[in-house]
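The values are calculated or read from the model by the stated rules, or taken from the named source; none is laboratory data. Model, not experiment: these values are computed from the prediction. All Cβ positions, even for glycine, are placed from backbone atoms using ideal geometry, and neighbour counts span all protein chains on display. Surface areas here come from the heavy atoms of the whole protein model, side chains and all, with no ligands, DNA or RNA. Shrake-Rupley method; radii C 1.70, N 1.55, O 1.52, S 1.80 Å.
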Amino acid sequence: MSTYNNVLGDFVSHANDLSDLDDEDYEDSGSEPEPQMGTRPPTVSSSYISTTDDRTQFVESLVSGRRPSITALDTDRSAGGRRPSISLTKDEKSFGGRRPSINLTKDEKPFAGRRPSITATNSDGFGVPPVTRTRRMSKVVDTRPKHVILGDFELANVVDCEEYVLCCKYSPLGDVFAVGLGNGTIKIYSKTGQFQYALSDNDTKTRRYPVTCLKFYANKDDLKTDHQKMIAATYTAGYVKVWHYPTQQCVFTFDEKDRQPLALDFNASHTRLYVAGSDCKINCYDFTTKKLVSNLRASDSREKMDGHKNRIHAIRAHPGMETLFLTGGWDDTVHYWDERVQHSQKHFAGPHLCGDALDIVADHQIVLTGSWRKNSTLQLWDFPTGALIKDAFQNSATSMLYATKFCPKDYIMCAGNEKNEAIIYDYSLLQMIGGITDLENAVYCADTDYNRPNMIVGSAKNIFIVNDKSRLR
C-alpha cells in the first residue's frame, strides 16, 4: 500500500489562495444569503464566486418548505421569478376570474352537461350500431421534454421520478441506477429506466428533506452477496443512511444532526466512509463497526490553510491509496487529507465546487475538477504537485458545472446548468464526443456507466438516459 509521503510534496499555495483572510473578511457557512428562487446569479469573471449556487438555493428552499420551480423562464424573470398574471376579458371579470359556464339545453341536462351521442335508427325505430367514422390520422409528435442530442448518442428513455432529482449514481455493475430526490426518497431503477424499489423509512417520511449524495458499496473482496447491494446516502435532515436496496431496509443510520451532510465516499478498501458537510469538516467512520474514527478539520491558525473555510460539496477517495482522499467546495480550494491526521496536509487553490465535480484519474496521476462559474470550468491538475496542467475552457465554457467524472476508456463527463447539458469529452484531446444539451431545466447531477460512456442525467423531476451508439467505443 502506498503511503502519503510518497506522493505529496511541499505545501502548495497559489496567488488566489484565501488562507490569509481574517475570519471577519470571509463569508463562512453560517452567513449564507437567504435563497431567492427564480433569480439568476450575477455574471462573474473571477474564479471566486460569492453568491450561493442555484443547486444549493434550490435545496435550501426544499428544506425550508418552499416548493419552487427548478428554474424560471426568461419571461418569468422579468416578473421577478413569478409567473406573470393572465389578463382576463371583460366577461370573465364579471365571473370573478372564472370562465363563464355554458347554458345547457333542455335535452342536454339529463346527460350532466355532456352532449348525447348520436345513434342512427332504422325505419321501424330499432337502434342500429353507431356509424363508425374514420378518424383523420394525427401527426406523430415527440412528447418527450425539449432536448438536443449531440454526436453518436441517443436518448434511450426519459424517466419521470415524480420529485426533483438532486443526485444520481450507477451501480458498480451497471445493472441499476439510484436517484436521490428532494423529498428524501431514493428510487432504484433498472438500467433501462424501469422502476425497481423506493427507499424510505420513518426518518425520511417524518422529515422529508433532500438527498444530496449517493454512493454504492463496491468492495470486490467482500464475499457476502448482500453487501454488494448496499448504497449510502447523505440527507440534509442531518443523517447518513446505508440501505440494502433489494429488501428496501435501512441497515444503519449515522447521526449528523449538528450539520447538513453534503458529500460522501468510501475509501479504496471500503472499510472507511468519509462524510463532508456544511460545517467545513469531514467525519471518518469505520464501516465495519459503524463507529466514528476521526473528525478532520482546519486548525485555528491564520498562517496557513490546512482545512476548509466554507462548506464542502465534493469528496473523492484515492482509488489506490488506503487513507488518502481529496475534498473541495465553496472556498475555492482542493485539500489533500490523510485520515490519520486531523488537518489537511496540502492544498491547491482555484476550483469552485458546488456538486459532485471532483475526481482522481489514478492511472494518469491527474485530478479533475468542475467549477460552477462562467469560465475555467473543467480543469486538470497534477496530483503529486497540485499544479494546473490544463484549463480546458478558460474563455469558452458553455455551462457552469455541477458534475465532473472520468469515464471508462479515457473520456470525461461534464454536466451543469446555463446550457443545461451533460457532455462527453475525449480525455486526450478534450474534444466533444457527444451528449445532450438545451434541456428545459437545470442539470444538477449526472453519472456514467462503469463499462462505457452511457449517461444518466438529472434535470427537474426527470432522469434522461443517454446511451452511446458508437460501436468503436
Inset, instruction - Would you mind putting 418-431, 443-456 in packing order, based on average other-beta-carbon counts within 10 Å, highest first? - result: 443-456, 418-431
Inset, instruction - Rounded to whole Hz and in sequence order, give me ³J(HN,Hα) for segment 417-427 from the Karplus expression 6.51 cos²θ - 1.76 cosθ + 1.60, θ = phi - 60°, writing x for Gly and Pro. - result: 9, 5, 8, 6, 8, 9, 10, 9, 10, 6, 5
Inset, instruction - Using per-residue counts of other Cβ atoms within 10 Å, averaged over each peptide, order 460-468, 226-234 from highest down. - result: 460-468, 226-234
Inset, instruction - Could you please state how large a percent of the accessible area of segment 323-425 is carbon and sulfur, counting protein chains only and using a 1.4 Å probe? - result: 46 percent
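Using the crude model of +1 on Lys and Arg Cβ and -1 on Asp and Glu Cβ, and no other charge, please compute the dipole size for segment 379-473 relative to its Cα centre, in debye to 20.
Details: 9 positive and 11 negative charges, 61 e Å.
The calculated dipole for segment 379-473 is roughly 300 debye.
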Legend entry - Label point at Q196 placed 7 Å out along Cα→Cβ; residues across segment 218-234 whose backbone nitrogen lies under 16 Å: 218-219, 225-233
Inset, instruction - Once you have the Cα-Cα distance between L430 and E154, take 0.36 nm times their residue separation minus that, and quote the gain in nm to one decimal. - result: 97.3 nm
Legend entry - Cβ-based charge dipole, segment 167-263, positive-most Cα from G182, H227, Q260: G182
Inset, instruction - Determine which residues of segment 253-271 fall in the zone a paramagnetic label at K290 would reach in this model, i.e. backbone nitrogen under 16 Å from the point 7 Å along Cα→Cβ. - result: 253-257
Legend entry - Residue among T437, Q345, T404 farthest towards the positive dipole end of segment 332-473, charges placed on Cβ: T437
Legend entry - Extension gain (nm, one decimal) between T385 and A218, 0.36 nm per residue minus Cα-Cα: 57.2 nm
Inset, instruction - Quantify, in whole percent, the carbon and sulfur part of the accessible surface of segment 204-287 (1.4 Å probe; protein heavy atoms only). - result: 47 percent
Inset, instruction - Can you pull the one-decimal nm distance between simple spin-label points at D226 and S396, each 7 Å off the Cα toward Cβ? - result: 5.4 nm
Inset, instruction - Report the dimensions of segment 190-251 along its three principal axes from the alpha-carbon atoms, largest first, rounded to Å. - result: 35, 26, 18
Legend entry - Among 315-326, 214-225, the order from most to least packed when residues are scored by Cβ within 10 Å on average: 315-326, 214-225
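Counting heavy atoms of the protein chains only and a 1.4 Å probe, report the per residue accessible area for segment 396-461 as a whole number of Å². Kindly include the intermediate steps, with their values, before the conclusion.
Details: 1970 Å² over 66 residues.
Ligands and nucleic acids excluded, the figure is 30 Å² per residue.
Between L173 and R144, how high is the FRET efficiency from 1/(1 + (r/R0)^6) when r is the Cβ-Cβ distance and R₀ = 41 Å? Nearest 0.05. All intermediate terms of the calculation are to be shown ahead of the outcome.
Working: r = 28 Å, r/R0 = 0.67.
Step by step, r from the Cβ atoms, then E = 0.90.
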Inset, instruction - Roll a 1.4 Å probe over the protein chains and send me the accessible area per residue for segment 235-366 in Å². - result: 32 Å²
Legend entry - Nonlocal amide H pairs with A298, under 5 Å, H built at 1.01 Å: H308
